[in-house]
Amino acid sequence: MINWFEQYYSSEFISDLIKTQTHLFVAEEGIGANQLLENLLKKLLCENLTDENKTCNACPSCRYLIDEHPNIRLIDKNIELKSDVITIDQIRELSSFIELASTSERDKKVIFIKNTHYLTSSAANALLKNLEEPPNNTFFILLTSNLHKILPTIRSRATIHKLASPTNKQCEDYLKDEHPEAIKFLDLAERKPFLAIQMADDKELINSIVKIFLRGKSFDMMDVNESLLASGPQFFVDMMQKWIADLAHFKEFSTVYYFKNLLDQIELISNQLSYKELLNFYKKLIEYRRLSETTINKSIALDNLMIDYKRIFA
C-alpha cells in the first residue's frame with residue numbers, strides 16, 4: 001500500500017466510488033497515481049473483497065492482469081504517433097465495449113484513461129458524449145497531471161479527486177522498504193518516489209547525459225546521439241533544465257537543488273558562465289521542451305540543443 005494514499009484504500013472510498021460513474025484524479029506525475037488507480041480498478045471489479053478490503057485474488061476477475069482484463073479498457077497516448085496525443089479513433093474504439101455494458105452489478109466495466117490531458121479536442125468531445133449518458137455499471141476513471149487542460153464540460157461531469165504529493169519522510173520511508181537504491185535519486189526526481197525508481201533503473205543513461213553536461217564546451221558532438229533520448233526527449237530536456245537551474249542557482253546562492261552530489265563540478269562550471277547567459281539559455285530550453293512534445297525530428301532538435309549549450313561557454 002502507498003501510505004500517502006491511505007484514505008483511497010478504505011472500504012468507504014470504494015463504496016463512494018461506485019455512487020458516480022465518472023471520476024477524474026489529479027496528481028503530479030511520479031507520485032504513484034497509476035499504481036493507486038490500478039489497485040482501485042482491481043477492487044472495483046473483484047467479486048469477493050475481503051473484510052480487510054483487499055482483493056480476494058481468487059475470483060475470475062482477479063485472475064486477469066489489468067491490461068488483459070476483458071472488463072477494462074486502458075487508454076493512453078498513442079505510441080505509434082510522434083507527438084503525445086490521445087486520438088479520436090482511440091475514443092471511438094470504445095463504442096462497442098460501452099454498448100455491451102451489462103446490467104449485472106457483478107459485471108462492471110471500466111474505462112481507464114491515463115494522461116487525459118493528451119486528448120485532442122475532437123477526442124475530448126467524443127469522450128464527452130460517452131460521459132453524458134453512461135450505461136449502467138460502466139465507469140470512467142480519468143487521470144491527469146494538468147487539470148487546466150481538461151475540458152470544463154468534462155470536469156463538470158466528473159467527481160474530482162486531487163491526490164496529495166508525499167512528504168519527504170513518506171518518500172524516504174517507502175523507498176527504504178521497497179526500492180532503497182532509488183533514495184539517492186529523490187532530489188533529481190523532485191521528491192517524486194516513482195520517478196526516482198525510474199531514474200534508478202535509468203542510472204546508466206543519466207550518467208551518460210550528465211557526463212556530457214560536465215564537459216561544458218569541451219564535449220564532443222560525436223557523443224550526442226539518439227541513445228541519449230532512450231527515455232524520451234522530454235526526459236532529456238528535463239534533465240538539462242535541472243542542470244541549468246542548478247548552475248544558475250549556485251551562481252546566485254552557492255547552493256543547488258538537484259545535483260547535490262556534483263557540487264564541486266557545478267561550482268567550477270558555473271564560474272565559467274554569467275547569470276544572464278544561464279537565464280537566456282533556460283528560456284530556450286522552455287521552447288525545446290515544447291518542441292519535444294511535437295512531431296519535430298528529435299535527433300535534429302537534440303543536436304541543435306547541444307550546440308546552443310556549447311555556445312553559452314563561448
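The values are calculated or read from the model by the stated rules, or taken from the named source; none is laboratory data. On a predicted model such as this, the values are computed, not experimentally measured, just so you know. Cβ placement follows ideal geometry from the backbone for every residue including glycine, while neighbour counts extend to all protein chains displayed. Areas reflect the complete protein model, heavy atoms only, side chains present, ligands, DNA and RNA absent. Shrake-Rupley method; radii C 1.70, N 1.55, O 1.52, S 1.80 Å.
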Checklist entry - What aspartates and glutamates could a cross-link reach from Lys162, if we take a straight Cα to Cα line under 14 Å and drop same-chain neighbours fewer than 8 places away? => result Glu6, Glu28, Glu29
Next on the checklist: Taking R0 as 45 Å, what FRET efficiency do you get between Phe313 and Ile183 from their Cβ-Cβ distance, rounded to the nearest 0.05?
Outcome noted: 0.85
Checklist entry - Computed on alpha carbon atoms, what radius of gyration and Dmax characterise the chain, expressed in Å? => result 22.5, 70
Item to check | Note, ³J(HN,Hα) from phi for segment 279-284, Karplus 6.51, -1.76, 1.60, rounded to Hz, x at Gly and Pro | outcome: 5, 5, 5, 4, 5, 5
Checklist entry - Counting only protein chains, not ligands or nucleic acids, how are Ile209, Ile183 ordered by accessible area (probe 1.4 Å), most first? => result Ile183, Ile209
Item to check | Partners for Lys211 among lysines (Cα-Cα distance below 21 Å; same-chain residues under 8 apart left out) | outcome: Lys184, Lys203, Lys242, Lys251, Lys260, Lys298, Lys310
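Any chance you could run the full-extension gain for Lys162 through Leu74? It's 0.36 nm times the residue separation minus the Cα-Cα distance, nm to one decimal.
Values: separation 88, 0.36 × 88 = 31.68 nm, distance 2.08 nm.
Gain on stretching Lys162 to Leu74: 29.6 nm.
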Checklist entry - Taking 0.36 nm per intervening residue step and subtracting the Cα-Cα distance, what contour gain separates His148 from Ser11 on full extension? => result 46.3 nm
Checklist entry - Say a paramagnetic label sat at a point 7 Å from the Cα of Lys19, along Cα to Cβ; which residues of segment 156-171 have their backbone N under 19 Å from it? => result 156-163
Checklist outcome for this item: Share of accessible surface on carbon and sulfur in the chain, whole %, 1.4 Å probe and ligands ignored, is 47 percent
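As a test of reading the structure, rank Ser218, Ser61 by solvent-accessible area (1.4 Å probe, protein chains only), most first.
Numbers: Ser218 95, Ser61 15 Å².
Descending order: Ser218, Ser61.
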Item to check | Residues listed by number, segment 286-310, amide nitrogen under 19 Å from Glu252 label point at 7 Å toward C-beta | outcome: 286-287
Next on the checklist: I'd like the accessible area for Thr144: 1.4 Å probe, protein heavy atoms, all chains in place, Å² to the nearest 10.
Outcome noted: 0 Å²
Checklist outcome for this item: Over all viewing directions the Cα convex hull of segment 1-136 casts an average projected area in nm² of 8.8 nm²
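Provide the net charge surrounding Leu302, with neighbours chosen by a C-beta distance below 12 Å and charges set as Lys +1, Arg +1, Asp -1, Glu -1.
Details: positive: Lys298; negative: Asp223, Glu226, Asp303, Asp308.
In short, -3.
Can you give the extra length, in nm with one decimal, that the chain gains between Leu100 and Ile296 once fully stretched, where that is 0.36 nm per residue apart less the Cα-Cα distance?
66.6 nm
Under a 1.4 Å probe, what is the accessible area of the chain per residue, stated in Å²?
53 Å²
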Item to check | Equivalent ellipsoid semi-axes - Cα gyration tensor, segment 158-296, angstrom | outcome: 26, 19, 17
Next on the checklist: With an 8 Å Cα cut-off and a minimum separation of 6 or more residues, compute the relative contact order for segment 159-314 in percent.
Outcome noted: 22 percent
Checklist entry - How large is the dipole of the chain about the Cα centre if only Lys and Arg carry +1 and Asp and Glu carry -1, each at its Cβ, rounded to the nearest 20 debye? => result 800 debye
Checklist outcome for this item: Per the charge dipole of the chain (beta-carbon charges, Lys/Arg positive, Asp/Glu negative, Cα centre), the residue among Phe13, Val210, Met221 reaching farthest to the positive end is Met221
Checklist outcome for this item: Over its alpha-carbon atoms, segment 234-305 yields an Rg and a Dmax in Å of 13.0, 39
Checklist entry - Do you know the relative contact order of the chain, to the nearest whole percent, from alpha carbon pairs under 8 angstrom that are 6+ apart? => result 17 percent
Checklist entry - Rank Leu247, Leu195 by accessible area, highest first, at a 1.4 Å probe radius? => result Leu195, Leu247
Checklist outcome for this item: The summed charge of the Ile141 Cβ neighbourhood (under 13 Å; Lys/Arg +1, Asp/Glu -1) stands at +4
